[in-house]
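Right, one structure below, let's go through it.
The values are calculated or read from the model by the stated rules, or taken from the named source; none is laboratory data. The structure presented is a predicted model; accordingly, all values stated were derived computationally and were not measured. Every residue, glycine as well, gets a Cβ built from its backbone with ideal geometry; the counts of neighbours run over all protein chains shown. Side chains included, ligands, DNA and RNA excluded: accessible areas come from the protein's heavy atoms. Shrake-Rupley method; radii C 1.70, N 1.55, O 1.52, S 1.80 Å.
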Amino acid sequence: NQPPPLTGHDAAADAVLLEGVRREGAEWHIDELHRFGRYVGSEEAQRWADQANRHEPELRTHDRFGHRVDEVEFHPAYHSLMSASVGAGLAGSAWADARPGAHVARAGGFMLATMLEQGHLCPVSMTYAVVPALRRSPDLAKVYEPLLTSRVYEPGLRTPTAKQGLLAGMGMTEKQGGTDVRANTTTAVEQADGTWRLRGHKWFTSAPMNDLFLVLAQSPGGLSCFLVPRVLPDGSRNTFRIQRLKDKLGNRSNASSEPEFDDTVAWLVGDEGKGVRTIIDMVTMTRLDCVLGSAAGIRAALAQAAHHARHRSVFGATLIDQPLMRNVLADLALESEAA
């Protein structure tokens, strides 16, 4: 009297999701959405999701010779999830897709991936979100946007322009201010070559193995936004000392860190003193993904509850045939559809 695992199904077989995708102009993406939905519902993908959370990221601050490396190691299952989601266009590729409804198509896939595993979607979301903010500095966008909109997942710290695809992150908050970024104490000093040097720390920076980060720091003109690469254009490591990884209640497959900057090389993004205005473009897009993820989480819970009720028997009938349980499931369905 136990339900079987909910595997081998098409997670995109969701009338509400499909109706929304069609209504918002991305009907051309329906077949691909079903393909990705079958991946999400597969036993293999669900095994990856389980492994990525059971085998959490591990921080390596130094190599065996005592040199700082500041790298995070992930289980292979995490990389499999990342490769599938980036390959499905859930990172930055929608910005390079001229078809109508490209961002709607991406949103539908993002919701499906959320039903599978949420943690790996943090770097995926930030990569998607960084593009409009980076466009405030056209010279930087010209270099990095083609790689941020790639569908290739290439992990590891290497020269950014030598890779086939890049991931981005952001560092805003500090321990003394939290969400009040005006209290930030990280400083930025301009150099003769046009770069800047950062010194300070960040309290919460997810996905520290990403290639590029937008970071807030205090410059002479006020709080400003800067692009910080993990690896510099000449192939040398930028100073990005990871003090520790966060011990979190959820989102455990994703590494969240406390980095320290010490003469760290950076490039100004947007206008000096307008850092919040610049980075808010990125923040807004990630918050929209939070909405998608929350709605998808409700849908995933509904799917699990309905599956359980179809297979579990009590008092001579399956739960799905018990009037009170049907009422509960109907309420859940309404909440899911509204979300």
Members of region 226-241 that are free of Cβ contacts under 8 Å to residues at least 60 places away in the same chain, open to solvent by less than 20 Å² (accessible area, probe 1.4 Å) and not in a strand (DSSP E or B) = 238
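With the condition kept exactly as written, say whether any residue in region 49-61 is of a type in the set (Asp, Glu) and outside any helix (DSSP H, G or I). Reasoning before the result, please.
Keep residues of region 49-61 that are of a type in the set (Asp, Glu), which gives 50, 56, 58.
Next, only the ones that are outside any helix (DSSP H, G or I) stay: 56, 58.
Yes, region 49-61 contains at least one residue that is of a type in the set (Asp, Glu) and outside any helix (DSSP H, G or I).
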List pairs: first in region 1-29 and among the hydroxyl-bearing types (Ser, Thr, Tyr) and open to solvent by 50 Å² or more (accessible area, probe 1.4 Å), second at pLDDT 95 or above and assigned to a loop (DSSP other than H, G, I, E, B), Cβ under 8 Å, 6+ apart or cross-chain?
-> 7/41; 7/42
Is there any pair linking a residue in region 160-175 that is within 12 Å of residue 217 (Cβ to Cβ) and in contact (Cβ under 8 Å) with a residue 12 or more places away in the chain to one that is part of a loop (DSSP other than H, G, I, E, B) and open to solvent by 40 Å² or more (accessible area, probe 1.4 Å), with Cβ under 6 Å and at least six apart or on different chains, and which?
-> 174/203
Here are some conditions: (1) modelled with pLDDT under 95; (2) closer than 23 Å to residue 109 by Cβ. Residue 8 meets all but one. Which one does it not meet?
-> (1)
Test result for residue 123, in contact (Cβ under 8 Å) with a residue 60 or more places away in the chain, surrounded by 18 or more Cβ atoms within 10 Å (Cβ to Cβ) and within 20 Å of residue 283 (Cα to Cα) = yes
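Residues are listed down the side, and each one gets a yes or a no for (1) loosely packed, with under 15 Cβ neighbours inside 10 Å; (2) in contact with a strand residue (DSSP E or B) (Cβ under 9 Å, 6 or more places away or on another chain); (3) in a loop (DSSP other than H, G, I, E, B):
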position: 224; (1), (2), (3): no, yes, no
position: 243; (1), (2), (3): yes, yes, no
position: 251; (1), (2), (3): no, yes, yes
position: 272; (1), (2), (3): no, yes, yes
position: 279; (1), (2), (3): no, yes, no
position: 289; (1), (2), (3): no, no, no
position: 293; (1), (2), (3): no, no, no
Residue satisfying condition, being of a type in the set (Gly, Ala, Ser) and farther than 30 Å from residue 112 by Cβ, within set 266, 295, 207 | 266
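For region 54-65, indicate whether the set of residues that are hydrophobic (A, V, I, L, M, F, W, C), out of contact with any strand residue (DSSP E or B) (no Cβ under 6 Å at 6 or more places or on another chain) and either open to solvent by 50 Å² or more (accessible area, probe 1.4 Å) or over 19 Å from residue 76 (Cβ atoms) (or both) is non-empty. Can you show your working first?
Here is the first cut: in region 54-65, the ones hydrophobic (A, V, I, L, M, F, W, C) are 59, 65.
Next, only the ones that are out of contact with any strand residue (DSSP E or B) (no Cβ under 6 Å at 6 or more places or on another chain) stay: 65.
Next, only the ones that are either open to solvent by 50 Å² or more (accessible area, probe 1.4 Å) or over 19 Å from residue 76 (Cβ atoms) (or both) stay: 65.
Yes, region 54-65 contains a residue that is hydrophobic (A, V, I, L, M, F, W, C), out of contact with any strand residue (DSSP E or B) (no Cβ under 6 Å at 6 or more places or on another chain) and either open to solvent by 50 Å² or more (accessible area, probe 1.4 Å) or over 19 Å from residue 76 (Cβ atoms) (or both).
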Boolean, residue 77 is in a helix (DSSP H, G or I), touching a residue at least 40 places away in the same chain (Cβ under 8 Å) and at negative phi | no
Expected output for region 43-65 (first residue more than 20 Å from residue 244 (Cβ to Cβ), partner modelled with pLDDT under 95, Cβ below 7 Å, 6+ apart or cross-chain) is none
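From the list 105, 113, 133, which one is in contact with a strand residue (DSSP E or B) (Cβ under 8 Å, 6 or more places away or on another chain), assigned to a helix (DSSP H, G or I) and buried (at least 24 other Cβ atoms within 10 Å of the Cβ)? Explain how you work it out, then say what you get.
On the way: 105 fails: in contact with a strand residue (DSSP E or B) (Cβ under 8 Å, 6 or more places away or on another chain); 113 fails: in contact with a strand residue (DSSP E or B) (Cβ under 8 Å, 6 or more places away or on another chain).
Sole residue among the options that is in contact with a strand residue (DSSP E or B) (Cβ under 8 Å, 6 or more places away or on another chain), assigned to a helix (DSSP H, G or I) and buried (at least 24 other Cβ atoms within 10 Å of the Cβ): 133.
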Scanning region 160-185 residue by residue, those closer than 22 Å to residue 86 by Cα, out of contact with any Asp or Glu (no Cβ under 8 Å at 6 or more places or on another chain) and of a type in the set (A, V, I, L, M, F, W, C) turn out to be 162, 170
